[in-house]
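Worksheet: the structure to be examined is printed underneath.
The values are calculated or read from the model by the stated rules, or taken from the named source; none is laboratory data. Being a predicted model, the structure only gives us computed values, none of them experimental. Counting neighbours? That spans all protein chains shown, and the Cβs are built from the backbone with ideal geometry, glycine included.
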Amino acid sequence: MDCTSQLSGDDLSTIALRNADRVLRCGTADLKGLSFFDAQLPVLSMNKDFRVEKHLKALSGFKSHFPKKEVAEAYGLPLVKTKAKPTDAEEELLASKQRGQALLMVGSKRLRANFEIPDYKFEYMGKAGGR
């Protein structure tokens, strides 16, 4: 289930987070994403029913010039060093910048993910030009 990031007043998202077997929290490595994560984590952590420690975390839009160590520490992610280069298909996916498409690293494996986001959710994000 796709939950809203603003939990106050959204009973459906609150119930879904409380009852979910798995929660995938998607974030971005830019300052806006890091600030939002930093502000939301204490709110979610206050309710033990949300089991924040079991949430899976994923980053999107990570650029090579972002500070890897600092971003990994901010999100509580291990810094994974890999020498494996992306395949041609993975490079093509990343270069296409298609909305809803992602390449996830899970341990040493890379998986292609498709996020289906309804159009009305994009209206919540505004038109300031962010990705």
Item to check | Scan of region 1-43 for residues that are of a type in the set (S, T, Y) and modelled with pLDDT of 75 or more, ordered by number | outcome: S13, T14, T28, S35
Next on the checklist: Quick check on my filter: what residues within region 29-51 are surrounded by 11 or more Cβ atoms within 10 Å (Cβ to Cβ) and small (G, A, S)?
Outcome noted: A29, G33, S35, S45
Checklist entry - Inside region 52-66, can you point out the residues that are closer than 16 Å to P42 by Cα and loosely packed, with under 13 Cβ neighbours inside 10 Å? => result E53, K54
